[in-house]
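Peer 1: First the structure, which I've put down as structure tokens, then a few questions once you've had a look.
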Amino acid sequence: MENHLSVKTVPFMGDELMAAKDEKSGKIYAGVKWICDGIGLTTGQMQNERNRIHKDIVLTKGERNIVLPTKGGNQSVQCIDNEFVPLWLAKISITPAMKKEHPEVADKLVQYQLKAQKVLADAFLRHKAPSAKSKYRALPPVNHSVEILQKVWAAAGVDKKRSAAAVSGIYKQVYGDLGIDIPGAPVECDKTYDKEQIAKALGVYSKSGKPHSQAIAAIIRTLNIPANLIEHSPFAANGHSDDYDRYKAPVLDMVRDWITIQGRKSPIVLDKSYNVVFQ
């Protein structure tokens, strides 16, 4: 790799993007392949995007081949200036067919269009570590935030044990940053699953290779699940803190039984048709 480049693997929405910063120019470049893989594009769609960047009168100005680490070793790969990423992604149309047949790809694409550029840029920012004094000053706002969160979680029906575990985790992280080790709350919670975890556990994937949480959600809506098997949780996927439902182990078995009775067929046809791949 070129010695004036800083290369980083950047986590984003459960995927890993590859980016490099040219320390001479300050420009940040994103690996095209990794973004296409993250969105869930097929090999053919990825090739179309490579061609688009190479031939588009504007996008080609941001194109650059950079040596990056790949599964096959260090290789020269197509990259695009991070400043051009929103323009490039905006040119990928979200068609009615994509929404119907691959809703998870359409959803992913929207998130990438809105957030990928900033996430890649932030990965190369040099953040100055706050002093211990400033951290102590931050404790009262943390206490206030926890108080608000507890009220919100209670109003949303979040399980009290989950709420206690979340609060314990918040303070453990805050005090850990100050070099103070505090024990976690001695709370035992039943194992629960979100829809994506159920999809992984049962081997229900989309054609793009992602866990098909939308299909699982559709199946769950058909089941008569007792309220005591559903939990609202303050923990959320992909860094977001919105409340969302989690399900206890018997629900996983109920979904498995439903799939078995239906003969593990694709598509799964409920409120709409879900093309799935069973693994």
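Please treat every number below as a calculation from the coordinates, not as lab data. What you see is a predicted model; the values in this text were computed from it and never measured. We place every Cβ from the backbone using ideal geometry, glycine too, and count neighbours over all the protein chains shown.
Peer 1: Could you give the nm distance between label points at T43 and D245, where each point is 7 Å from its Cα heading toward the beta carbon?
Peer 2: 3.9
Peer 1: Relative contact order, percent, of segment 192-278 when contacts are C-alpha pairs under 8 Å separated by at least 6 residues?
Peer 2: Dividing the mean separation by the residue count of segment 192-278 yields 34 percent.
Peer 1: Over the alpha-carbon set of segment 5-122, divide Rg by the Kirkwood Rh and report the Rg/Rh ratio to two decimals. Write down the numbers at each step before the final one.
Peer 2: On the way: Rg = 13.7 Å, Rh = 14.4 Å.
Value, to two decimals: 0.95.
Peer 1: Tell me whether segment 192-278 comes out rounded, prolate or oblate; compute the Cα gyration tensor, take square roots of the eigenvalues as a ≥ b ≥ c, and use a/c under 1.5 as the rounded threshold.
Peer 2: Numbers: a/c = 1.98, a/b = 1.33, b/c = 1.49.
It is oblate, given that a/c is not under 1.5 and a/b is not larger than b/c.
Peer 1: Here is a further query. Tell me which residues come under 5 Å, amide H to amide H, from L17 once H is placed; ignore anything under 5 positions away on its chain.
Peer 2: Sorted by chain and number, the residues that satisfy this are V10, F12.
Peer 1: Which order results if L120, L87 are arranged by neighbouring Cβ count within 10 Å, fewest first?
Peer 2: L87, L120
Peer 1: Run the numbers for W258 and I94: contour at 0.36 nm per residue of separation, minus the present Cα-Cα distance, in nm. Working shown, then result.
Peer 2: Numbers: separation 164, 0.36 × 164 = 59.04 nm, distance 3.15 nm.
Gain on extension, W258 to I94, equals 55.9 nm.
Peer 1: Compute the distance in nm between two label points, each set 7 Å from the Cα along the Cα-to-Cβ direction, one at L114 and one at S168.
Peer 2: Roughly 3.4 nm, to one decimal.
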